[in-house]
Every structure is written in structure tokens, then in C-alpha cells.
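All of the numbers you see were taken from the coordinates with simple rules; none came from a lab. For clarity, every value in this text was computed on a predicted model and none was experimentally measured. Please note: Cβ atoms are built from the backbone with ideal geometry, for glycine as well, and neighbour counts cover all protein chains shown.
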Amino acid sequence: MPRPVKCRKVEFFPQKTFFKPSGKKGCITEQITLKIEELEAMRLKDIENLNQNQCAEKMGVSRQTFQNIIDSARNKVALALTKGKAININGGHYMTRDCKFKCAKCGKNVDEKYGSCSYCKSKEVICQRKKNDCFNKQQA
């Protein structure tokens, strides 16, 4: 049984989410779906010029997971550019900065970025969202 996918932290959401080759009708063009977290990985690495460890930390994933995310994103963009396919930025498995966190041990609200409760020092810091409340499906 595979491990559950950990939500990736995302700070940027594009205003335009669909790009197509010039001269092709959108309904006819093949589409490639670029996940929100894949776009975030490219933004952090290629635009913000952060190193992989910094990117992984910002997204709340391991360095290897970050590498897998950015490899997938770059592959999709390269495929779309070379094969004349449209890019649809949509879906994924991510959470936003506005998630609120709580200590499972003492129940106090905490700032997740520290990784432990500032009151009781417990490492059991959990998101207050419902268990499966990350954005993990295609957005309407």
C-alpha cells in the first residue's frame, strides 16, 4: 500500500490558468495538466532562484519529493512546447498558507513553521482542517 501523499505548501496562484499555442482552437488542442504544486516548484526554483533545500522547505516536502515535483513540471512544460499542446494549470495536492495549526497534546493554537508547540514543546502539531481537507482534486 503506497504512503499517503503529503500536502504541499503553495503561496502563488496564477490569474491565467490556460495557455494554448497560437492559431489553435482551445477545444481542438490536446491539453497537459500542470498541477498547482508543480507550478509552485518551478516558480521557487526558476524565478525565486532558491536552492532545492530551500524550495523543499518552503513547500513542506523532502528534497527528493521536491526534485520529483519539479522534474514532472519541467517535463510537462517541455512536452507542451515541443508538441504544440495546451497547458491547463489545475488541481493537485496542496494547501495554502492560511491553514491553522494546533498542538495535539495541549490544544493551543501554534505557528506551524516552528515544527513544535511553543507552549509545551510537543512535536505533535497538526492542521486544524479536517483530515482530508487539502486541495487534492481537480478544481471546478
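Compared with the alpha-carbon gap, the fully stretched path from T29 to R3 is longer by 5.9 nm at 0.36 nm per residue. Highest mean packing comes first when the peptides 82-90, 33-41 are listed by Cβ atoms within 10 Å, giving 33-41, 82-90.
Starting with the fewest neighbours, write out F19, F13 ranked by other beta-carbon atoms found within 10 Å of each beta-carbon.
If I rank by nearby Cβ atoms, fewest first, I get F13, F19.
The convex hull around the C-alpha trace of region 8-96, projected and averaged over every direction, spans 5.7 square nanometres.
Placing a label point 7 Å from the Cα of L50 along the Cα-to-Cβ direction, the residues of region 66-93 with a backbone N closer than 15 Å are 66-70.
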